[in-house]
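Laboratory data are not the source of any read-out in this text; all were calculated from the coordinates shown. Predicted, not measured: the structure shown is a model, and the values here were computed from it. With ideal geometry, Cβ positions are generated from the backbone for all residues, glycine too; neighbour counts draw on all protein chains shown.
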Amino acid sequence: MTIDINALATFVLVAEERNFRAAADRLGVTRSAVSQAIRRLEDEMGIALVHRTTRSVGLTEAGERLRAEIAPPLAEIRAATEATHHLGAGPRGQLRLAVSSIAESFLSGPLLAGFTEACPEVELDVLVTDEEIDIVAGGYDAGVRLGEVIEQDMIATAVSGPQRQIPVAAPSYLARKGKPAHPSELTAHRCIGWRPAPRVAPYRWEFTEAGRDFAVDVKPEITTNDMALMIAMATSGGGITIGLEESFRTSIAQGTLVPLLEAYCPFFPGFFLYYPNRPNMAPKLRALVDHVRSNRNR
């Protein structure tokens, strides 16, 4: 059985986008060409790979298995091809990143602006998301997440210092409700929680005391996936919220939010740029890694 490698690459794009039109746009071809390539691949393999509806495309069990098996080697082939093609030339092409929405130091602007100025032929495509994404299967060159949740087979480069989660509240709220002296007292307060996506439980409020980690069963009266809304609600006196300290730094400095329970909030490893361990790294990714390292050393 002879399988068209281009058809496999098209299938991986369809699996990433879950949409024929979006895959066609990335390939620069028509939607019909993508559909025909998938149909030929299914005919050659003798099994259905995708579920087609009028609104979306899903993968069959066979399609999911095929995607999991071929996405990593195809990504390595793509990286090796780019590295060879651009040998002796500057970094160029599209660089796709999946970045946590709370990676403030990375998303604040200066780091990425400096990179695009230094590498004008690299086109950045940044997805800001808090969903757990397999960057290899998703077709991303790299991602930025907290170090503690990065897979061990990835290479990681720090893009921030150590972080910690702290509760905060507005002075007006504390004047009305009082300041909690221990995390256990949070259950008696109005709380503003965060969840990364619909149908996902709100993040736990975790603390450390005498070397022991524990969680407080806070039931937020307000829950959102938007940190800006959490900060706005808290600064308006709507309750106590929790998040990374650097997300609240400006509000704390301005006095609109007050840090709470800091003695129970230890530091942990911060954010890292991570990417697959491959023998051939595309020049565009190498340039970003070098840029991040040089900025961390300043």
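A few comments on the model shown:
- Within the stretch 50-73, being closer than 11 Å to residue 8 by Cα and touching a helix residue (DSSP H, G or I) at 6+ places or on another chain (Cβ under 6 Å) holds for 67, 70, 71.
- Looking at 234, 287, 282, 210, just one residue is touching a residue at least 40 places away in the same chain (Cβ under 8 Å) and over 21 Å from the mean Cα position of the chain (by Cα), and that residue is 234.
- Exclusive hit being in contact with a Cys (Cβ under 8 Å, 6 or more places away or on another chain) and assigned to a helix (DSSP H, G or I), set 263, 287, 234, 228: 287
- Here residue 190 fulfils each of the conditions (1) under 22 Å from the mean Cα position of the chain (by Cα); (2) touching a residue at least 12 places away in the same chain (Cβ under 8 Å) apart from (1).
- Helices (runs of 4 or more DSSP H) completely within the stretch 1-68 that count 3 or more residues being of a type in the set (Asp, Glu) and over 27 Å from the mean Cα position of the chain (by Cα): 31-45
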